[in-house]
Amino acid sequence: MRIAVTHENGNVFQHFGHTEEFKLYDVENGKVVKSQIVPTNGSGHGALAGILQAIRAEVLICGGIGAGAQTALSQAGIKLFGGVSGNADEAVNAYLAGNLSFDLDVKCSHHDHGSEGHTCGEHGCGNGSCH
């Protein structure tokens, strides 16, 4: 199994569409056997789901994530565990132990929709979603 975590300075990065790197964990028999950092090379929003699919991630652990990205991940067959914060390694260990605290109804959280003089669909993310 391969788990990807939005990553920054050892922690779960909180803005999926702007993550600059994923930390990948290869898991065998319920244990991490290898981990590595993979840069996104400036890709954002919908392109990130394609990156995750290309690197064969089966699970994504992240902080905030919008509806468009959630749909793209679902279409790619990647299981999403959003609304997670804290240390990335600890999040993966909690996932493997079956006690990861996550939000089934995670939403885009980088701004309030309709505030700041715009709505989500107006800032170029595509499909009228945040990420």
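Of the residues making up region 34-48, those that are touching a helix residue (DSSP H, G or I) at 6+ places or on another chain (Cβ under 9 Å), assigned to a loop (DSSP other than H, G, I, E, B) and either surrounded by fewer than 20 Cβ atoms within 10 Å (Cβ to Cβ) or hydroxyl-bearing (S, T, Y) (or both) are T40, N41, S43, G44.
Look at A76 and say whether it is touching a helix residue (DSSP H, G or I) at 6+ places or on another chain (Cβ under 8 Å) and either of a type in the set (A, V, I, L, M, F, W, C) or at pLDDT below 95 (or both). Yes, satisfied.
In this structure, K31 does not qualify as touching a residue at least 12 places away in the same chain (Cβ under 8 Å), surrounded by 15 or more Cβ atoms within 10 Å (Cβ to Cβ) and of a type in the set (D, E, K, R).
Restricting attention to region 79-106 and to residues that are modelled with pLDDT under 95 and hydrophobic (A, V, I, L, M, F, W, C), the residue that is surrounded by the most Cβ atoms within 10 Å (Cβ to Cβ) turns out to be V106. Of Q36, Q70, all but one fail to be at pLDDT 95 or above and within 22 Å of E8 (Cβ to Cβ); the exception is Q36.
Just so you know, in region 49-64 the residues that are surrounded by 14 or more Cβ atoms within 10 Å (Cβ to Cβ) and without any contact (Cβ under 8 Å) to a residue 40 or more places away in the chain include one that is nearest to V106 (Cα to Cα), and it is A49. The residue that is farthest from V84 (Cα to Cα), counting only those in region 1-26 that are aliphatic (A, V, I, L, M) and surrounded by 19 or more Cβ atoms within 10 Å (Cβ to Cβ), is L24. Among the residues of region 39-48, those identified as without any contact (Cβ under 8 Å) to a residue 24 or more places away in the chain and within 21 Å of V92 (Cα to Cα) are P39, T40.
Being under 15 Å from Q14 (Cα atoms) and part of a strand (DSSP E or B) is the filter; apply it to region 55-67 and report the residue that is modelled with the lowest pLDDT. Applying the filter and picking the extreme gives G64.
Just one of the listed residues (L24, L52) is touching a strand residue (DSSP E or B) at 6+ places or on another chain (Cβ under 7 Å), under 13 Å from A88 (Cα atoms) and either modelled with pLDDT under 95 or aliphatic (A, V, I, L, M) (or both), namely L24.
The values are calculated or read from the model by the stated rules, or taken from the named source; none is laboratory data. Remember, it's a predicted structure, so these values are computed and weren't measured experimentally. Glycine gets a Cβ as well: all are built from the backbone with ideal geometry, and neighbour counts include every protein chain shown.
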